[in-house]
Amino acid sequence: MQQVITENKKAFMTGNETAAWAALASGADVMFGYPITPQNEIMHYWTRLAPQYGRGFLQTEDEISAGFTVCGAVQSGKKAFTATAGPGNVLMQEPFGMAEGMRLPLLAIIQQRGGPSSGTVVYSQQEVALTTFGGNGEGWRIVYSTATHQEIYDYVIKGFNTAWKYRFPTFILGDGYQAKMREPLELYDPETRGIKMIDTYPLIGLDGSITAAEREPQHLCNIYSLEEELYDVVLKNTAEYESISPEIVEYEERQCEDAEIIILSHGVVSRAADDAVKALRAQGIKAGYFRPITLRPYPEKELRAAIAQSGAKKLLIAESAYGQFYRLTRQEIYGETVKMENLFMPGVGIIDYDIISKVKSIL
Amino acid sequence: MQMVAPATPKSWYLPTKPHKFCPGCGHGIVLKALGDVIDELEIQDRTIFGCDIGCSLLSWDFFACDSTQTHHGRTTPVMVGIKRARPELITIGYMGDGGGYSIGSQHLLNAAVRNEKVTLILVNNTNYGMTGGQMAPTTLPGQKTETTPFGRDPELTGYPTKGPEFIAQLTPDSAYVARATVSKYNQLRRFIRNALRNQIEGNGFSFVEVLSTCPTNWRTNAQQTWHFLEDEMEHYFPVGELKNPFGKGGK
């Protein structure tokens, strides 16, 4: 496959353009997509860049179809992906469920917009519950919540490898701010950073002749006749998900050692939290910073350890949603006695000032 | 007297035979014809068979071909994804009238408009069989089902969907569109062969609706079953090729 980035390149671009470049650099073969704001420019850049590198694209009739065509393409052994947002993310829960049930290496980039319903086309962190535990399954998903354009680039590359290595559907959870704003980042070829892109392989349409008895036909199953059959599959996949989780979990932690209050955030809000912690420290307030990068699997042990080590009396959860990240966190650290405070600003941005004011009002 | 067993297609997956369809169901006949054609065209090693949810799901391990399964109505986009990613494969989507004409109608319609180079076989038995005999888009006027217990009233629920007719209107001349019936086996086989040949030659979309039987949900005996198929269904849904890039009488 033709090399896309021949040497490290400084760039100043939107998050959507970044995502398209990252998919190209990852060796993605084909994108299936349907227009919805704020992810459209991922398609716009992909449709211009992909033909130069022999990659494919199809604009499908809806998000349901975009998700299922990705399922078909990855089954046939091709690195395929999609991108969506908001109501499109709702529709894609159906194919995402198929990817969970059949362990398909699907990659989806989600640029969150306001909800519920059509909400706004702008920004939110309200697709956390949907992206982590949507569908009629058990949440066998890997969800990276990015905060910067460099991370969008890094985690799209990493996400393809995660999906194909572990065969759980993998999500890059961004938002409308990250999608639309421009900021500097460095584009690179994964191989030059020692990142080996995992070779894809087909689940159907395998080499070898069935008629010449060189191999058995593949019958991929999606629906089971007996309760016990499904039970065994669910237990097996859950055990596998749990066993690989420690390898996948990622988080950031700063100045929690002596913190009286730990500010917990994810995604783009963590940038405000980082600034807030610096400002509070400068004013003599012992604040700490903790940010899960993976929302699924959640850095549960690491957060518990940070709480225990600091002896913090309070956690402040800041999110651009009305408690989705809070509830996710609460179930993960059940039993902790630290008081959980919240700053819920659904569908609007959070800046350092909002967090600093909140901290001062509760300390 | 010596019993003569009907020849089994080589492409059938024998460990799953006898199959699990109800006695008198037409699926076995459609899948026999499809198996015969896969053998004849020698495409078993490069065929991907994909089935829908509904009675068609019982065919998930029917063939000794690589096969996949998805959700109700979503076989079309899965087959499109496979074909777009691996054009050298022959993709056959197998679905019922509910999956194709109701919940998956937007996929069928748009795949036809895009002239996707896949073959779809849709079995029309005028009801949702697997879920217990509810009204389908193809239920005939006056026909009793679990959700039309007093007979389908077109004033309330419209007239039966005529799939091949609307697909013929949506597709270019390179598409193949036909309606077959399990009561005319040789014709059924010929239509399926033409549909697959159309994909093999890379011409365009190919679609065969097959009129089929459901004595379990129709609550009919053998004679009544055949009467409903040949006299009621075939009267309402004309059998024949609506679009054939190979010309009339194409073999």
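No lab work stands behind these numbers, since they all come straight from the coordinates. Note that the structure is predicted; figures quoted are calculated from it, not measured. No Cβ is skipped: glycine too gets one built from the backbone with ideal geometry, and neighbour counts run over all protein chains shown.
What to note about this one:
- Residues of type lysines that A:LYS78 reaches as a straight line, Cα spacing below 29 Å, ignoring anything fewer than 8 places off in the same chain: A:LYS9, A:LYS158, A:LYS165, A:LYS180, A:LYS196, A:LYS236, B:LYS83, B:LYS117
- Near B:SER59: Cβ cut-off under 12 Å, other residues only, Lys/Arg at +1 and Asp/Glu at -1. The net charge is +1.
- Subtracting the Cα-Cα distance of A:LYS165 and A:LEU226 from their residue separation scaled by 0.36 nm leaves 19.0 nm.
- Chain A: angle of helix A:269-282 to the longest principal axis, Cα-based, in degrees nearest 10: 30
- Ascending count of other beta-carbon atoms within 10 Å, so fewest first, for B:VAL210, A:VAL269, A:VAL70, A:VAL338: A:VAL338, B:VAL210, A:VAL269, A:VAL70
- Beta-bridge orientation, chain B: approximately 20 percent antiparallel, per DSSP, counting only bridges with both partners inside.
- Kyte-Doolittle mean at least -0.5, axial Cα span of 20 Å or more - DSSP H helices of chain B: B:27-41
- Value at 222 nm in deg cm²/dmol, rounded to 500, when DSSP H runs of n ≥ 4 in the protein assembly as shown each add -39,500 (n - 2.57): -11000 deg cm²/dmol
- For a paramagnetic label modelled on B:ILE200 (point 7 Å from Cα along Cα→Cβ), amide N atoms under 19 Å away belong, within the stretch B:61-94, to B:63-66, B:83, B:87-94.
- Antiparallel DSSP beta bridges within chain A, as percent of all bridges there, nearest 5: 25
- Against the main long axis of the alpha-carbon atoms of chain A, helix A:352-362 sits at an angle near 50°.
- Sum of side-chain charges, A:PHE81 neighbourhood, beta-carbon under 14 Å (Lys, Arg +1; Asp, Glu -1): +3
- If R0 is 45 Å, the Cβ-Cβ spacing of A:GLU242 and B:THR16 corresponds to a FRET efficiency of close to 0.85.
- Length gained on full extension, A:VAL348 to A:GLN309, computed as 0.36 nm times the residue gap minus the Cα-Cα distance: 10.8 nm.
- Per residue, the average separation of C-alpha pairs within less than 8 Å and at least 6 apart gives the stretch A:9-193 a relative contact order of 30 percent.
- Once the Cβ-Cβ distance of A:ALA282 and A:GLU138 is raised to the sixth power relative to R0 = 30 Å, the FRET efficiency obtained is 0.10.
- Longest segment of chain B lacking GluC sites (Glu not before Pro) that sit in a DSSP loop with at most 16 other Cβ atoms within 10 Å: B:89-145
- C-alpha long axis of helix A:15-25 to longest principal axis of chain A, angle in °: 40
- Peptide B:88-95 has a mean of 1 when you count, residue by residue, the C-beta atoms of other protein chains within 10 Å of its C-beta.
- Dipole of chain B [Lys/Arg +1, Asp/Glu -1 at C-beta], most positive-end residue of B:GLY240, B:ILE103, B:THR225: B:GLY240
- Bridging of B:LYS144 to lysines at a Cα separation below 30 Å is possible for B:LYS20, B:LYS32, B:LYS162, B:LYS184, once same-chain residues fewer than 8 apart are set aside.
- Each of A:LYS313, A:LYS79, A:LYS286, A:LYS10 was scored by other Cβ atoms within 10 Å of its Cβ. Listed from fewest to most, they are A:LYS10, A:LYS313, A:LYS286, A:LYS79.
- Bridge type composition, the protein assembly as shown - antiparallel percent by DSSP, nearest 5: 25
- Average partner coverage of A:218-230, which counts Cβ from other chains inside 10 Å: 4
- Here the gap between B:LYS184 and B:VAL113, fully extended at 0.36 nm per residue and compared with their Cα-Cα distance, gives a gain of 22.6 nm.
- Residue order, fewest to most beta carbons within 10 Å, for A:MET92, B:MET135: B:MET135, A:MET92
- Förster-model FRET efficiency, 30 Å R0, B:HIS235 and B:GLN169, C-beta, rounded to 0.05: 0.85
- Amide H contacts of B:GLU116 (H built 1.01 Å from N, under 5 Å, at least 5 apart or other chain): B:PHE205
- Top of B:LYS17, B:LYS83, B:LYS144 by mean-square fluctuation, Gaussian network on chain B, Cα under 10 Å: B:LYS17
- The convex hull around the C-alpha trace of the stretch A:252-362, projected and averaged over every direction, spans 5.9 square nanometres.
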